[in-house]
1. Rounded, prolate or oblate: which one fits segment 97-147, using the alpha carbon gyration tensor with axes a ≥ b ≥ c (rounded when a/c is under 1.5, else prolate when a/b beats b/c, else oblate)?
2. Mind giving me the nanometre distance, one decimal, between the label points for GLU168 and MET149, set 7 Å out from Cα along Cα→Cβ?
3. Pick from THR78, THR231, THR97: which residue has the top mean-square fluctuation in a GNM of the chain where Cα pairs under 10 Å get a spring?
4. So if I take the centroid of the Cα atoms in segment 167-181 and the same for segment 192-227, what is the distance between those two points in Å?
5. Percent relative contact order of the chain, based on C-alpha pairs within less than 8 angstrom and at least six residues apart?
6. For GLU253, tell me the accessible area in Å² from a 1.4 Å probe, rounded to the nearest 10.
7. Write down the accessible area per residue of the chain in Å², having rolled a 1.4 Å probe over the full set of protein chains.
8. How far, in degrees from 0 to 90, does helix 126-140 lean away from the longest principal axis of the Cα atoms of the chain, to the nearest 10?
Amino acid sequence: MAVFLLRRFLQTLAVLLLVSLVVFLGLYAIGNPAEILLPDDATAAERDAAIRALGLDKPIWVQYGVFLGNALTGDLGTSFVYNTPSITLILQRFPATLELALSALLIAIFIGAPLGLYAGLKPGTRLDRAIVTGSILGFSLPNFWQGLMLILIFSIGLGWLPSSGRGETGMIFGIETSFATWDGIRHLVLPATNLALFKLALVIRLTRAQVRETMPLDFVKFARAKGVSETRILGVHVSKTIAAPIITVLGMELGSVIAFAVITESIFAWPGMGKLIIDSIHKLDRPVVAAYLLVITFMFILINLVVDLLYTVLDPRVRLGGRT
């Protein structure tokens with residue numbers, strides 16, 4: 001375990017270093033933030049002063065060296081727009097994005113798993129074909145179009161749910177969340193559903209495929225021959241067998257849900273990291289963009305580590321480091 005964790009730690013440092021270099025070079029190539037931050041009537045002297053104040057007058061390798069040195073101390077730079085540490089801005093928005101991502105993943109699991117289970121147990125039926133067709137639509141339709149249709153139908157047309165914002169929040173166990181108020185839940189439903197649709201289709205297809213692969217196996221036939229009830233076979237034996245690959249995929253999908261919630265947050269004006277990064281890109285707020293990408297990269301690595309550890313718990317045949 002110690003060797004595995006040490007190897008992962010070194011890999012994490014290498015990945016973050018590479019990502020920071022690529023991000024910094026990419027942001028440097030995009031343009032000069034001072035051109036956007038300053039008004040059109042700014043004088044040349046004001047522009048030069050702003051460039052020096054932001055540290056943009058130094059060569060790129062010097063800027064990167066300063067950024068890297070500060071990053072080692074936990075300082076990922078100060079926002080050009082908000083004049084606030086970029087990591088502070090991201091952490092302020094992170095709970096809203098995490099709440100949205102977890103809600104979407106829970107919707108995908110609690111709706112997709114039963115549908116996929118039924119489709120796998122009853123292949124070829126009308127309901128199975130309907131479920132599979134619906135999952136294909138979930139994969140195919142653009143996320144932004146789905147969001148607009150949800151707003152058009154449930155907000156504008158029926159007037160059931162609000163179309164934007166986070167709504168009123170409250171405290172549960174010292175954590176600010178939308179689940180603490182009815183208004184917060186109503187504001188959460190549409191963006192969480194929109195973000196969940198693609199993952200819902202993934203859960204349905206994955207569960208269906210795993211069930212169809214598992215049901216013909218010998219241990220299922222043996223359990224039936226012993227007189228074990230079908231409910232116990234599904235609830236204990238089959239569920240345990242298909243859990244490991246599903247959890248592995250969903251664990252990695254949690255990182256992608258957080259990272260790619262940008263479109264949903266923009267459509268529904270959800271005050272999370274995605275909306276912050278879009279605004280920062282428009283304003284060429286380099287420190288915020290760099291900090292966001294590094295945080296997302298670190299989250300992917302951390303989630304991957306947790307998934308690997310969970311996999312060893314669910315399947316004792318798997319050993320850390322790839323040995324079985």
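The values are calculated or read from the model by the stated rules, or taken from the named source; none is laboratory data. This is a predicted model, so every value here is computed, not measured. Don't worry about glycine lacking a Cβ; one is built from the backbone with ideal geometry, like all the others, and counts go over all protein chains shown. All accessible areas refer to the heavy atoms of the entire protein, side chains included, with ligands and DNA or RNA removed. Shrake-Rupley method; radii C 1.70, N 1.55, O 1.52, S 1.80 Å.
1. Since a/c reaches 1.5 but b/c is at least a/b, the shape of segment 97-147 is classed as oblate.
2. 3.3
3. Most flexible of the set in this elastic network: THR231.
4. Rounded to whole Å, the Cα centres lie 35 Å apart.
5. Relative contact order for the chain comes out at 26 percent.
6. Counting only protein heavy atoms, GLU253 exposes about 40 Å² to solvent.
7. For the chain, the solvent-accessible area averages 54 Å² per residue.
8. 10
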